[in-house]
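For reference, the structure discussed in these notes is given below.
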There are 2 protein chains.
Amino acid sequence: MATTIRSAVANDVPQILEFIRGLAKYEREPDAVMATEADLLRDGFGPNPYYWCLMAEHDGQPAGFAFYFFSYSTWLGRPGLYLEDLFVYPEFRGLGIGKALLKRVAAIAVEKDCPRLGWDVLDWNTPAIDFYRAMGAEFLDTWRNVRVTGDALKRLAGAEEPAQ
Amino acid sequence: MATTIRSAVANDVPQILEFIRGLAKYEREPDAVMATEADLLRDGFGPNPYYWCLMAEHDGQPAGFAFYFFSYSTWLGRPGLYLEDLFVYPEFRGLGIGKALLKRVAAIAVEKDCPRLGWDVLDWNTPAIDFYRAMGAEFLDTWRNVRVTGDALKRLAGAEEPAQ
């Protein structure tokens, strides 16, 4: 009964997509995942990756993953890490796998001299919030997340005005 | 009386740091900026930049900036852009410079096939919130920002336990 954590390789892309879908389902957005294996392969395993992944296996079975990329702090003058996804399959919870993944991402941040590791959590996800608090996280509740997406982004860019 | 927007070059680093300090002051954290010119030069203008900047000038005077980096959406399977800082000096407000900067960042996102542009705003910053809403932004208020920083990050990484 052992958990191992390792960096993802290109052959892990199908499993990475399975984890992404598993997390979307948990976040009550099962149909939100448009990403394909080709997308993930192109963007994570080329010469200039946009993201990195850690894979957790328990007794040789895929159990969970952490998906992160670099952010940047203008106050600290250093890159940070942003944890886009952290997910453990329901049947592997309670074994410390999420904690092991989070600790490994933190270790990568320290190793890369990134003084900050950030992420977002859904406000109804109390188990996650309690877990993160126990791990030493702070909650920056004076900040609101803002986003422009899809057609609104194109309109803002001026590249595509709405049809008259 | 004209505003120009251009990509930052290495020689802009002192002015970028001035903008960062100006924004920190506006955000009521005037002493929070630890970044140095050397940090910003190393991280933004080497072979693999961690960030990019747009500089706005009005009648040849530095007026504002936008500071961004790549994020990644696991749902969309594409990189996005994250706008870390958007700032216009108080004496240059009301001239549409912030809007011009935001539109240019949106245009860069569209050009790079990034379907999402995200950022954060302080909840008391009503003028900014109204402006972003008018620009087509959505507010993702079910998400809370989480962060582990400094010594808490080192403890989480296991690299440095608190002294006994």
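The values are calculated or read from the model by the stated rules, or taken from the named source; none is laboratory data. Being a predicted model, the structure only gives us computed values, none of them experimental. Glycine also receives a Cβ, built like all others from the backbone with ideal geometry; neighbour counts cover every protein chain displayed. The protein model used for the area step is the full one, side chains on, heavy atoms only, and it has no ligands, DNA or RNA in it. Shrake-Rupley method; radii C 1.70, N 1.55, O 1.52, S 1.80 Å.
For the reader, a short list of remarks on this structure follows.
- Matching entry among A:F92, A:F67, A:F139 (being of a type in the set (F, W, Y), within 11 Å of chain B (Cβ to nearest Cβ) and over 30 Å from B:P30 (Cβ atoms)): A:F67
- Here B:T74 clears all of (1) within 21 Å of B:T3 (Cα to Cα); (2) within 11 Å of another protein chain (Cβ to nearest Cβ); (3) β-branched (V, I, T); (4) buried (at least 19 other Cβ atoms within 10 Å of the Cβ) except the condition numbered (1).
- When segment A:7-36 is limited to residues that are within 9 Å of chain B (Cβ to nearest Cβ) and open to solvent by 30 Å² or more (accessible area, probe 1.4 Å), the one that is farthest from A:K112 (Cα to Cα) turns out to be A:E29.
- For B:L122: the one exception among (1) touching a residue at least 60 places away in the same chain (Cβ under 8 Å); (2) more than 7 Å from every other protein chain (Cβ to nearest Cβ): (2)
- When the residues of segment A:126-153 are filtered to those that are in contact with a strand residue (DSSP E or B) (Cβ under 6 Å, 6 or more places away or on another chain) and aromatic (F, W, Y), the one that is farthest from B:L81 (Cα to Cα) is A:Y132.
- All told, A:L95 falls short of being open to solvent by less than 80 Å² (accessible area, probe 1.4 Å) and among the aliphatic types (A, V, I, L, M).
- Test result for B:L101, under 18 Å from A:R116 (Cα atoms), modelled with pLDDT of 95 or more, more than 7 Å from chain A (Cβ to nearest Cβ) and open to solvent by less than 50 Å² (accessible area, probe 1.4 Å): no
- Subset of segment A:107-142 [under 18 Å from B:G118 (Cβ atoms), of a type in the set (A, V, I, L, M, F, W, C) and not in a strand (DSSP E or B)]: A:L140
- Some residue of segment A:143-156 being more than 17 Å from B:P115 (Cα to Cα) and open to solvent by 70 Å² or more (accessible area, probe 1.4 Å): no
- Candidates B:F131, B:F92 - the one that is touching a His at 6+ places or on another chain (Cβ under 6 Å) and closer than 22 Å to B:I20 by Cβ: B:F92
- The single condition among (1) under 11 Å from B:V148 (Cα atoms); (2) in contact with a helix residue (DSSP H, G or I) (Cβ under 9 Å, 6 or more places away or on another chain); (3) not in a loop (DSSP other than H, G, I, E, B) that A:Y82 does not meet is (2).
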